[in-house]
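Encoded as structure tokens, the structure appears first; notes follow it.
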Amino acid sequence: MAKITAIYPGSFDPVTNGHLDLIERASRLFDRLVVAVLVNPEKDPLFRLSERVQMLKEVVGHLPNVEVDTFEGLLVDYARRKQARVLLRGIRAVSDYEYELQMALMNRQLEPELETVFMLPAEAYSYLSSRLVREVARLGGSVKNLVPPAVEERIRAKVG
């Protein structure tokens, strides 16, 4: 039976406990999981691309079948290069589903052999997003239970 490679794409600015929950669970479902950090020049991220990659590598280092990479351009082209058969996407709410459904259908149009798999986060992280973490941190709130400890330290260093 062929080994299945899945790609979990995102900006991961920063990686949250919700992301890590999905990564850990997906690592048990797929033979190889590529956490792919999107290079998006239109966004103004809190962390540089290299910092996001480093944080991800730190928090997934205990998962032998997970690798961290970067990509730009069309996700389906990147998936072809990685010989991936699955795109993994997290769904927290109905609003996520509407957007992700549209993206999944477009990706299917562009590459019919590529399947999108939606996973729900653990209930404890169903409200959590990188955007909310950045906002709480910028306003002086604690992000202690929202991100892994190494990420919390880096956020504190960034926002003071």
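Structural remarks
Listed here are the residues, each with its yes/no results for (1) polar (S, T, N, Q); (2) over 22 Å from Y125 (Cβ atoms).
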site: S11; (1), (2): yes, no
site: N40; (1), (2): yes, yes
site: L46; (1), (2): no, no
site: L63; (1), (2): no, no
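- Annotation note: of V59, V117, the sole residue that is under 30 Å from K158 (Cα atoms), among the hydrophobic types (A, V, I, L, M, F, W, C) and touching a Leu at 6+ places or on another chain (Cβ under 6 Å) is V59.
- Within region 130-146, the set of residues being closer than 18 Å to E24 by Cβ and among the hydroxyl-bearing types (S, T, Y) comprises S130 only.
- Which listed residue is buried (at least 21 other Cβ atoms within 10 Å of the Cβ), among the basic types (K, R) and closer than 25 Å to D77 by Cβ, from R52, R48: R52
- Between V60, V37, the distinction of being at pLDDT 95 or above, in contact with a helix residue (DSSP H, G or I) (Cβ under 8 Å, 6 or more places away or on another chain) and farther than 17 Å from R131 by Cα belongs to V60 only.
- Residue satisfying condition, being modelled with pLDDT of 95 or more, touching a helix residue (DSSP H, G or I) at 6+ places or on another chain (Cβ under 9 Å) and among the charged types (D, E, K, R), within set R89, R80: R89
- Looking only at residues in region 114-160 that are surrounded by fewer than 14 Cβ atoms within 10 Å (Cβ to Cβ) and of a type in the set (S, T, N, Q), the one that is farthest from F47 (Cα to Cα) is S126.
- Residues of region 92-110 that are touching a helix residue (DSSP H, G or I) at 6+ places or on another chain (Cβ under 8 Å) and surrounded by 18 or more Cβ atoms within 10 Å (Cβ to Cβ): N107 alone.
- Evaluated against (1) in contact with a strand residue (DSSP E or B) (Cβ under 9 Å, 6 or more places away or on another chain); (2) modelled with pLDDT under 95, D13 falls short on exactly one condition, (2).
- Enumeration of residues in region 25-70 that are among the polar types (S, T, N, Q) and in contact (Cβ under 8 Å) with a residue 12 or more places away in the chain: S27, N40, N65, T70
- Among the residues making up region 1-42, a single one is in a loop (DSSP other than H, G, I, E, B), among the aliphatic types (A, V, I, L, M) and within 9 Å of the chain's Cα centre (by Cα): V15.
- Residues in region 112-145 that are in contact (Cβ under 8 Å) with a residue 40 or more places away in the chain, of a type in the set (A, V, I, L, M) and in contact with a Gly (Cβ under 8 Å, 6 or more places away or on another chain): M119, A122, L128.
The values are calculated or read from the model by the stated rules, or taken from the named source; none is laboratory data. This structure is a prediction, so every number in the text was calculated from the model and none was measured. Reconstructed Cβ throughout: ideal geometry from the backbone, glycine too, with neighbour counts over all protein chains shown.
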